[in-house]
Amino acid sequence: MEEGVRWVKTHCARMDHGGCALLVGVKGNEIVRVKGDPEGFLSRGYICPKGVASPDRLTHPDRLRYPLKRKGDRGEGKWERISWDEALETVAGGLLKIREEHGPRAVAFGVGMPKGLEHFVLIRLANLFGSPNVIASQDVCHAPREITGLHTCGFYPVADFHHKSALAVLWGSNITSTNEEGEICKLLLDQVKDGMELIVIDPRRIDLAKKAKFWLPIRPGTDPALALGFLNVIIGEGLYDKAFVEQWTEGFADLAEHVKKYTPAAVSAITRVEAGLIREAARAYAAAKPAVIQWGNPLEHTVHTFDATRALICLMAVTGNLDVPGGNMEAHDPRIMGLGPFVRADLIPDKRKDMISAHHRVIPRLMTIAPAYFRKAVLEGVPYPVKGFYGMCSNPMLSYADSRLTYEAFRKLDFVAVAEVFMTPTAAMADVVLPAATTFEINDIGHYGIGHGYILARPKIVEPPEECWPDMKIMNELGRRVSDPSLWHDDFEQFLEDVVKPAGMTYAQFVEKGYLKGPDRFGSWKEKGFRTPTGKVELKLSVAEKFRLSAMPDWLGLPEAEDADYPLVLTSAKSGNYLHSSYRWLEKLRKREPRPLMEIHPETAVLNGVADGDLVIIETKYGQVEQTARLTDNLMQGVVCAAHGWWFPEGDPASQYDWRSANFNMLTSVGKLGKEYGTPNLKSLPCRIRRKA
């Protein structure tokens, strides 16, 4: 190894979902190299471009290095430097003033991606402040899969790549480019080398489609119909697991009758996937023992996410692939502190009925607020006014559907504070900006509370700039000022000790071990049943009428109706070079992808007068943006795949760094929401394009 370099083991965080094990080379207080750790529990040496570039954040000249207070109008880009004492007093004063005048629920606490322990310290801060309103991205990320699982089978069905599978279905999951939360592609790739077959369901011919037995190029937004088509074939041809279905499912006869109309021919007309391909892929999934569905985030990007995720859990169940090794498993946490005690949920007993979402009757067990409902509270006072916002690890101006609405909401708020590493369009709208320490500069725990059955050590490797504080420290100090100080620690790092104490170890001992994993307990339902009202997998929901839910998954039509004026179908994709809207300022990554690229099939491009490299206007009935055309036959015809998360740090600070011109969420709306989660349509939008003159 390199002379004079000290190598430290950790896990990636904030650059991505934080699952890859890293070896970090350090000289003095400087990171000189990052590489994948071949002993990594999830990644086995894999590392992506973001991980390689991650140290560049720490020394970037544009990094926030001291607290800032707004001068002039909100969003004008004028700041003055203040001390930490003044910053904390200003933030505490702003939040307390709102609580005194309007009550604690008038302050919202915002968080995005990715999540370390600070995510749950933020929930604790909200709870102790007295606010039931934590604004998060769960409506379009993770919750539809997790909470739909809780209602259907009593747990969140996680893809198990640690045990051998005969076949994997990548349903909207481009796992070699943007690893799913807790699912790193290396484990899957190792199984592919050993002969595991693949089915890829995606409008794009992703890299793994080239190795797949079947690629099903699906029209964006029609996933519920395709899943119901699979069920039609599997049930109609008797390919289901009869013993499991008979003993451990509720409502099978009703489901069997329900899916009769979803023949491959009928589903083909909806999804644009050939009927024969639907039939053969369904047969392959049913025949493989065990088979696993790696379901991706795009399933959660339309108003029909509940039906899509319900149908896929039904598929897992009827084929006997639920909670078996190599299937979709129930993950069990190691002996660690529970989420409820950590966030002090006991101190806000009326949260379920007081939170904004209660008014909108979202699905039970969803405990964060969908951004659409947050902004409705700010702009319309429904169900009550929200006047203040404290945010971290998030950039709502880019990430929330309908960015214009977000801008108006932030303009209307009485007080906004944001903790950040770099100035973003959202931070630019704040009254106070707090400079955060970041990965490699803080002790942290990854994957706590995410539902995958393990936690990962993220130890501090170098010291942060003097005035850059860990988010946990910021909130610990802020919490002392806005709630009972005795409920906070003298040393914020005690939160780390709290989590691992039930395992009988210190945080330092946890770091030595690297990760803690819960036990593999497959098939515990054989003794205890499933944790549902009926004790079985509810193919037909027993609580449907009580909670105003559909009893069985259904196809309710396109998320947005077809429109002759907007004849193309718009979708989007995350980039392997960035994380949502983050890191456009890092030179290594920007060189790899310097501008937003809109993918389009060559024949679709010709029909619309577009050539490769043209600057193109993408337009929906909600707005328009400009991106550069990239012609590729790896995308189905008639579909436009736009780049997601684009803004320009080199832009004018007085206009929040050009967050409008290429931002995908200028094309989206919250006029139509899924009733279960408050999910807007981020995919399957009618659009049109033209070459910019």
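The values are calculated or read from the model by the stated rules, or taken from the named source; none is laboratory data. Just so it is clear, the model here is predicted, and its values are computed rather than measured. Methodologically, a virtual Cβ is constructed for each residue, glycine included, from the backbone with ideal geometry; neighbour enumeration extends over all protein chains shown.
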Listed by range, helices (runs of 4 or more DSSP H) wholly within the range 494-593 having at least 3 residues that are surrounded by 14 or more Cβ atoms within 10 Å (Cβ to Cβ), among the hydrophobic types (A, V, I, L, M, F, W, C) and under 26 Å from the mean Cα position of the chain (by Cα) are 494-500
In the set V537, V543, V511, the lone residue that is over 30 Å from C48 (Cα atoms), touching a strand residue (DSSP E or B) at 6+ places or on another chain (Cβ under 8 Å) and β-branched (V, I, T) is V537
Residue set R74, R65, R14; condition in a loop (DSSP other than H, G, I, E, B) and within 25 Å of A508 (Cβ to Cβ); output residue R14
Within the range 236-256, does at least one residue satisfy the condition of being touching a strand residue (DSSP E or B) at 6+ places or on another chain (Cβ under 6 Å), surrounded by 17 or more Cβ atoms within 10 Å (Cβ to Cβ) and within 15 Å of I199 (Cα to Cα)?
no
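So that you can scan it fast, the table gives a plain yes or no per residue for (1) crowded, with 21+ Cβ neighbours inside 10 Å; (2) without any contact (Cβ under 8 Å) to a residue 60 or more places away in the chain:
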{"position": "G638", "(1), (2)": "no, no"}
{"position": "A643", "(1), (2)": "yes, no"}
{"position": "W647", "(1), (2)": "yes, no"}
{"position": "Q656", "(1), (2)": "yes, no"}
{"position": "A662", "(1), (2)": "yes, no"}
{"position": "T668", "(1), (2)": "yes, no"}
{"position": "K683", "(1), (2)": "yes, no"}
{"position": "P686", "(1), (2)": "no, no"}
{"position": "A693", "(1), (2)": "no, yes"}
Scanning the range 490-528 for residues that are farther than 28 Å from G19 by Cα and either free of Cβ contacts under 8 Å to residues at least 40 places away in the same chain or among the basic types (K, R) (or both) gives D490, K526, E527, K528
Of the listed residues (G45, G36, G40, G51), the one being in contact with a Ser or Thr (Cβ under 8 Å, 6 or more places away or on another chain), over 19 Å from F389 (Cα atoms) and in the same structural domain as M15 (by TED's automatic domain parsing) is G36
How many residues of the range 56-89 are more than 30 Å from I31 (Cβ to Cβ), of a type outside the set (K, R) and surrounded by fewer than 19 Cβ atoms within 10 Å (Cβ to Cβ)? The answer is 8
Residue set G45, G72, G40; condition closer than 19 Å to K460 by Cα and of a type outside the set (S, T, Y); output residue G40
Can you confirm whether T302 is within 27 Å of I450 (Cβ to Cβ), outside the structural domain of Y677 (by TED's automatic domain parsing) and at pLDDT 95 or above? yes
